[in-house]
Number of protein chains: 2
Amino acid sequence: MADFDPTFNPHRRYNPLTGEYILVSPHRMKRPWKGQIEPPQPSNLPAYDPECYLCPANSRSGGQKNDAYEHTFVFENDFAAILPPPMPAAPQPPHPLLASEPVQGGCDVIIFHPRHDLTLARLAIPDIERIIDEWVGIYKRRGTQEGIEYVQIFENKGAMMGCSNPHPHGQVWAMSAVPTLPAKELDSLRKYSESNKPSETAPKGPKGCACLLCEYAHFEASVPIDESRIVIKNDHWLAVVPWWATWPFEVMLLPYKRHIPSLQELTQEERTSFADALSRVTKRYDNLFLCSFAYSMGVHQRPLPAKEGASVDDDANTAHLHLHFAPPLLRNASIRKFLVGFELMAEAQRDLTPEQAATRLRLCSELHYLDQAEAGKEQ
Amino acid sequence: MADFDPTFNPHRRYNPLTGEYILVSPHRMKRPWKGQIEPPQPSNLPAYDPECYLCPANSRSGGQKNDAYEHTFVFENDFAAILPPPMPAAPQPPHPLLASEPVQGGCDVIIFHPRHDLTLARLAIPDIERIIDEWVGIYKRRGTQEGIEYVQIFENKGAMMGCSNPHPHGQVWAMSAVPTLPAKELDSLRKYSESNKPSETAPKGPKGCACLLCEYAHFEASVPIDESRIVIKNDHWLAVVPWWATWPFEVMLLPYKRHIPSLQELTQEERTSFADALSRVTKRYDNLFLCSFAYSMGVHQRPLPAKEGASVDDDANTAHLHLHFAPPLLRNASIRKFLVGFELMAEAQRDLTPEQAATRLRLCSELHYLDQAEAGKEQ
Ligand SMILES: [Zn+2]
Ligand SMILES: [Zn+2]
């Protein structure tokens, strides 16, 4: 029997966080592509846009006016998907198979910076640190409100992702239930810690138990670079195209030196290192196809901030802080991957292997392409 | 406490087929939409396109030539995601968390009709019956090949779904493993049959056990039409926007009069009724926004055709034949829903309730909009 060649043989990879598979068809990389061409990303944006509802001191469609903010700015979403209390009583299901539950909470928008034309990839490290501080603040504030069981921090960037406003911003949805995907991941982390022995060298989770993500990150950090899925690694954070990635250039960003359940537990040094990692990953993304790279990004962590006086061995600390980046682009600034057909009806599928994607991202510069001309002039 | 109002209060609905939730935010239906406008669907297509690799007697990029077919035509995909045997030996995982398995099988393309400009919505019932016959044939042929454990029939339609060729066609992927989503659904059906008593009036699954989809379809067929999720109902088939629908106008099409595990078990009458249901659902889809409605559609059924002499009480017959339609359009022919941000990172979310979507589809005509002018002339 022939040897297995992961750059040729179709195979399925198992995602231990979700318990799902992805079908990998690396031999198909060269098939001709005929499909939709995406409109080009806008470039040459103004630093201030009088029509933008996120720019400083501008009015929003709800009638409110933004502060003349100088760094970050947070406001409650004028069209929140989840509403504050009181929540109505749970309805009687018309049939046991038609179950539902009311949900309550709140949705915030966090503007990353006053400049309309910048993104994470072009912000200075101290500006990114201010965003992280804001995330920590919202996580603590929303996560201690009555009836809240989960806080989801995320960013949706680019017209290709249905986000029409290029002004750098993210969102935070706080809700009375743990949503599907984080619930699945937390369950996988818990089961892993209960049924696996920790390896000798990897960091440990609560009560010295094995942590799925500590083990995974520790292993990935040790793989020789030419077989590796590493995109960047700094003192505290590791960015990898995970073994089980669905999107062509999907990235998971996580701390790999110690077990960290949430943003709240980051030391100042780890926060600065986090800002550095965010900057470097997003710069490489933009440089990959020389465009403002569209993605959805989300923070997964302990559902709520730790209660005062809670032990580090608290079960909730089985969570391991990590970020997912899900970008749609596949071949260039105009050709995206579609999650359709077989993927919607059967199983996620990719052609490019995660190792090939990571290599491509490792080859990208960390000097942003829009700053290269300027850097040239300065020399 | 206020009463729960499913057309206003945010709530989560449980999908018993996947075990996942969807967040419903019906109060948000009126938020202003600012995002990507999709290019218009092509119209006035020629009946024959000399450049189309699916038109009769034309050449494909692999160099092969299509038959001068008169009805349907099947060929092996020139860029198959899954390759035929021999399959290499399973690789040794570099770490237990980096699991994978080789996969083998085959991918077929099935052209629905010689006319380049027609779709399911505009084909005559006998032409749709020929497609169903072809599906049954491929299911039996591929499903009895060595090493095959699952056959996925699906259609991906529309540039919005990444499918650039409007020539009506679908695909069939046969593979050596049951993919993620059908595996999850089959598991849910099995668990339901093991732990629920069948209702008195609904059809029963193997061994007289309760079938999740028999129970669900039977219940939906009984709901008064003004509270209903029904799109169409004929003698054997029911089309509903399921209680747990993710896509705005998602439809599940399934037989509701008796438990039918796969296409193979359909009587001739049930096949004709199936063709009628497919025609009526797709006509309503096109008439909703007066465009060729994009969607991904997939057939879920018993993973493989029944073996000769197998009992109807065979465990594999716990499967209940059904089709999912996942269309992206939301408000008109140019405005689509994006599965991004919170949805990729946390949980599926919709604003329009399934009941509202079903009402919209019930109000659509079953005379195709492109045929209405003609029908007027004939009067
Ligand atoms: Zn950990
Ligand atoms: Zn059934």
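Before moving on, here are some points about what is shown:
- Filter result for A:M160 (touching a residue at least 12 places away in the same chain (Cβ under 8 Å), out of contact with any Lys or Arg (no Cβ under 7 Å at 6 or more places or on another chain) and not basic (K, R)): no
- The set of residues from the range B:170-215 being under 23 Å from the mean Cα position of the chain (by Cα) and of a type in the set (D, E) comprises B:E185, B:D187, B:E215.
- The residues of the range A:296-309 that are more than 16 Å from ligand 1 (Cβ to nearest atom) and buried (at least 20 other Cβ atoms within 10 Å of the Cβ), listed by number, are A:S296, A:M297, A:G298, A:L304, A:P305.
- Verdict on A:D108 being touching an Asp or Glu at 6+ places or on another chain (Cβ under 9 Å), open to solvent by less than 40 Å² (accessible area, probe 1.4 Å), at pLDDT 95 or above and more than 22 Å from A:V172 (Cβ to Cβ): no
- All conditions in (1) within 20 Å of the chain's Cα centre (by Cα); (2) more than 16 Å from ligand 1 (Cβ to nearest atom) hold for A:H322, with the sole exception of (2).
- Flag if A:I232 is touching a residue at least 12 places away in the same chain (Cβ under 8 Å) and more than 16 Å from ligand 1 (Cβ to nearest atom): yes
- Matching option when the condition is over 30 Å from B:E51 (Cα atoms) and either within 16 Å of ligand 2 (Cβ to nearest atom) or of a type outside the set (K, R) (or both), among B:C163, B:C107, B:C209: B:C209
- Condition check for A:V231: within 14 Å of another protein chain (Cβ to nearest Cβ), more than 30 Å from A:E308 (Cα to Cα) and away from ligand 2 (no atom under 16 Å from the Cβ): no
- Flag for A:L45 being crowded, with 18+ Cβ neighbours inside 10 Å, part of a loop (DSSP other than H, G, I, E, B) and modelled with pLDDT of 90 or more: no
- The range A:7-22 - residue that is facing chain B (nearest Cβ under 7 Å) and either part of a loop (DSSP other than H, G, I, E, B) or open to solvent by 60 Å² or more (accessible area, probe 1.4 Å) (or both) and, of those, farthest from B:E101 (Cα to Cα): A:P16
- Positions within the range A:345-357 being over 21 Å from A:A239 (Cα atoms) and within 21 Å of the chain's Cα centre (by Cα), in sequence order: A:A348, A:Q349
- Looking only at residues in the range B:246-295 that are small (G, A, S) and either open to solvent by 30 Å² or more (accessible area, probe 1.4 Å) or touching a Gly at 6+ places or on another chain (Cβ under 7 Å) (or both), the one that is farthest from ligand 2 (Cβ to nearest atom) is B:S292.
- If you check A:A174, A:A245, A:A202 for being within 14 Å of ligand 1 (Cβ to nearest atom) and either in contact with a helix residue (DSSP H, G or I) (Cβ under 6 Å, 6 or more places away or on another chain) or within 11 Å of chain B (Cβ to nearest Cβ) (or both), only one passes: A:A202.
- Of all residues in the range B:194-205, none satisfies the criterion of being touching a residue at least 60 places away in the same chain (Cβ under 8 Å) and more than 9 Å from ligand 2 (Cβ to nearest atom).
- Of everything listed in (1) more than 14 Å from every other protein chain (Cβ to nearest Cβ); (2) open to solvent by 10 Å² or more (accessible area, probe 1.4 Å), the single unmet condition for B:I128 is (2).
- Looking across the range A:206-215, the residues that are more than 12 Å from chain B (Cβ to nearest Cβ) and either touching a residue at least 12 places away in the same chain (Cβ under 8 Å) or buried (at least 18 other Cβ atoms within 10 Å of the Cβ) (or both) come down to A:P206, A:K207, A:C209.
- Just one of (1) within 14 Å of chain B (Cβ to nearest Cβ); (2) out of contact with any His (no Cβ under 7 Å at 6 or more places or on another chain) fails for A:A306. It is (1).
- Qualifying residue in the range A:175-183 (condition: in contact with a Gly (Cβ under 8 Å, 6 or more places away or on another chain) and surrounded by 24 or more Cβ atoms within 10 Å (Cβ to Cβ)): yes
- Residue check for B:W243: under 16 Å from B:H324 (Cα atoms), in contact (Cβ under 8 Å) with a residue 40 or more places away in the chain and open to solvent by 10 Å² or more (accessible area, probe 1.4 Å): yes
- Residue in the range B:221-256 that is farthest from the chain's Cα centre (by Cα), counting only those that are aliphatic (A, V, I, L, M) and farther than 23 Å from B:D286 by Cα: B:V223
- Single residue of B:H218, B:H167 found to be closer than 30 Å to B:E366 by Cα, open to solvent by less than 10 Å² (accessible area, probe 1.4 Å), of a type outside the set (A, V, I, L, M) and over 17 Å from the mean Cα position of the chain (by Cα): B:H167
- Odd one out for B:G62, checked against (1) more than 9 Å from every other protein chain (Cβ to nearest Cβ); (2) open to solvent by less than 60 Å² (accessible area, probe 1.4 Å); (3) within 24 Å of B:T119 (Cβ to Cβ): (3)
The values are calculated or read from the model by the stated rules, or taken from the named source; none is laboratory data. Every value quoted in this text rests on a predicted model; they were computed, and no experiment measured them. Neighbour counts run over all protein chains shown; Cβ positions are idealised from the backbone, glycine included. Each accessible area value is taken on the protein alone, full model and side chains, heavy atoms only, with ligands, DNA and RNA left out. Shrake-Rupley method; radii C 1.70, N 1.55, O 1.52, S 1.80 Å.
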